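To start, the structure itself, in structure tokens.
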Amino acid sequence: MGSTSSPSSGSEVTGEPVTTTDATTDADTDEPVTGTTGTTEATASAGTGGCPDGSLFCPCNDDATCDPGLACEDDLCVPESEAVCGDGMLAGMEECDNGAENADTATCKANCTLQKCGDGSLGPGEACDDGNAVDNDACSNACIAATCGDLVVQVGEACDDGNADNTDACINCQAAVCGDTFIHAGVEQCDDGNANGGDGCSASCQVEAPQCGGNFTTGWCPQNGTNQQFTRCESVSNGNKTCNNPFIKYGTVENGVPAQHGGNDFNAWCVQLGFSGWSGQVGYGSRPCDPPQGRLFGCTGYDEVAWHWCDWQDGNWLNGALNYHQCNDGTQISSITCQ
């Protein structure tokens, strides 16, 4: 049976509306089922409701990042703090920040920028840094000090072939020229370091026939009256009258080193070479005579009766080996002057 509810007697009538809730009983559970009328209100979640991930005051992106100018703190995107160079924290436009270790000579400079070749600051691994992009000055664009052999033609260099070969066209970063004492392969036959002719090497660095007969030369000059003995000089001076570091050749064997000895006849030697005689001047010094060179003394006999230079050990050496190799004792002839 249905029934109708009404205010009980004695109830005060106030004129306020009375809300009525209809309840029904679930036939299976006898539990009341309550229904609510009206529109259901939706609840906003991350990424919805006008607050996309990564935006200001919104949740951070899944990788804990935020939009530019924002930082992720406690999973919320907030404005980045102002960068302070030297606080050890990378922020803003800083390229680096190592705190108290920042320095213009360190990897991270004092202004929180990374060290770069060409920035004018001498950083780790740089030999120089002149702050420019000029590659042929004293500091290259790789911040390496300019040196001969670096393949870059620097100021003061005529060339730079990157090698230490003294027979090519570039010698110590200068163009090879006759007179530099280095023989330019395929171009020069000799180079005695001077522009004088008549000394065995011409002013154009070509080999000259020795002008023997009253002149010392750097070529082999015959000692007249001997059987195939010759003299040459390492260098000549005093108008070709002085022979410096003389060498002796006997037949086919070259570079005997004459030394001080009682049998030396300097006047006979000068006459054999076309001079009028010896000037009375001779110098001594230490010279090596390592094999196949050997020490010599002046003599008559052994290979021939004319005065000539003989092997210090056994006298004979025409077309044969030199046998005595102890020199460098200050008694080798270092110069002889004839007149």
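Test D191 against the stated conditions and say whether it is in contact (Cβ under 8 Å) with a residue 12 or more places away in the chain, closer than 30 Å to S237 by Cα, touching a Phe, Trp or Tyr at 6+ places or on another chain (Cβ under 9 Å) and surrounded by 17 or more Cβ atoms within 10 Å (Cβ to Cβ). The answer is yes for D191. Scanning region 309-336 for residues that are among the β-branched types (V, I, T) and surrounded by fewer than 20 Cβ atoms within 10 Å (Cβ to Cβ) yields one hit, T331. Within region 215-226, restricting attention to residues that are in a loop (DSSP other than H, G, I, E, B) and touching a helix residue (DSSP H, G or I) at 6+ places or on another chain (Cβ under 9 Å), the residue that is nearest to T167 (Cα to Cα) is Q223.
If I filter region 324-339 for residues that are assigned to a loop (DSSP other than H, G, I, E, B), touching a residue at least 12 places away in the same chain (Cβ under 8 Å) and closer than 15 Å to F230 by Cα, do I get at least one hit? Explain how you work it out, then say what you get.
Residues of region 324-339 assigned to a loop (DSSP other than H, G, I, E, B): 324-331, 339.
Then drop every residue that is not touching a residue at least 12 places away in the same chain (Cβ under 8 Å), which leaves 324-331, 339.
From what's left, closer than 15 Å to F230 by Cα: none.
The answer is no; no qualifying residue exists.
Restricting D150, D160 to residues that are in contact with a Gly (Cβ under 8 Å, 6 or more places away or on another chain), assigned to a loop (DSSP other than H, G, I, E, B) and buried (at least 17 other Cβ atoms within 10 Å of the Cβ) narrows the list to D160.
If I filter region 195-203 for residues that are surrounded by fewer than 18 Cβ atoms within 10 Å (Cβ to Cβ), assigned to a helix (DSSP H, G or I) and more than 39 Å from the chain's Cα centre (by Cα), do I get at least one hit? No, region 195-203 has no match at all.
Quick one: which of T147, T107 is more than 30 Å from M93 (Cα to Cα) and at pLDDT below 95? None of the other options fit; the residue is T147.
Among the residues of region 119-128, those that are over 18 Å from the mean Cα position of the chain (by Cα) and either touching a residue at least 12 places away in the same chain (Cβ under 8 Å) or surrounded by 18 or more Cβ atoms within 10 Å (Cβ to Cβ) (or both) comprise D119, S121. Reported count of residues in region 164-188, each being under 15 Å from C148 (Cα atoms) and exposed (fewer than 13 other Cβ atoms within 10 Å of the Cβ), is 3. Of all residues in region 227-241, those that are without any contact (Cβ under 8 Å) to a residue 60 or more places away in the chain and assigned to a loop (DSSP other than H, G, I, E, B) have Cβ atoms under 7 Å from Cβ atoms of residues that are aromatic (F, W, Y) and buried (at least 20 other Cβ atoms within 10 Å of the Cβ), 6 or more apart or on another chain, in N240/F216.
For region 248-308, please list each of the strands (runs of 3 or more DSSP E) lying entirely inside it that holds at least 1 residues being touching a residue at least 12 places away in the same chain (Cβ under 8 Å) and crowded, with 20+ Cβ neighbours inside 10 Å. Show your work before the answer.
Details: elements: 253-258, 278-285, 294-301.
Output list reads 253-258, 294-301.
So for region 255-262 (the condition being at pLDDT 95 or above, under 21 Å from N194 (Cβ atoms) and within 53 Å of the chain's Cα centre (by Cα)), does at least one residue qualify? No, that holds for no residue.
Considering region 62-115 alone, what residues qualify as being in a loop (DSSP other than H, G, I, E, B), in contact with a helix residue (DSSP H, G or I) (Cβ under 9 Å, 6 or more places away or on another chain) and either among the β-branched types (V, I, T) or on the phi < 0 side of the Ramachandran plot (or both)?
Filtering region 62-115 down to residues in a loop (DSSP other than H, G, I, E, B) leaves 62-69, 74-75, 80-98, 102-107, 109-113, 115.
Next, from what is left, pick out any that are in contact with a helix residue (DSSP H, G or I) (Cβ under 9 Å, 6 or more places away or on another chain): 86-89, 107.
Within region 62-115, D87, M89, T107 qualify.
The values are calculated or read from the model by the stated rules, or taken from the named source; none is laboratory data. Fair warning: this is a prediction, and the values are worked out from it, not measured in the lab. We place every Cβ from the backbone using ideal geometry, glycine too, and count neighbours over all the protein chains shown.
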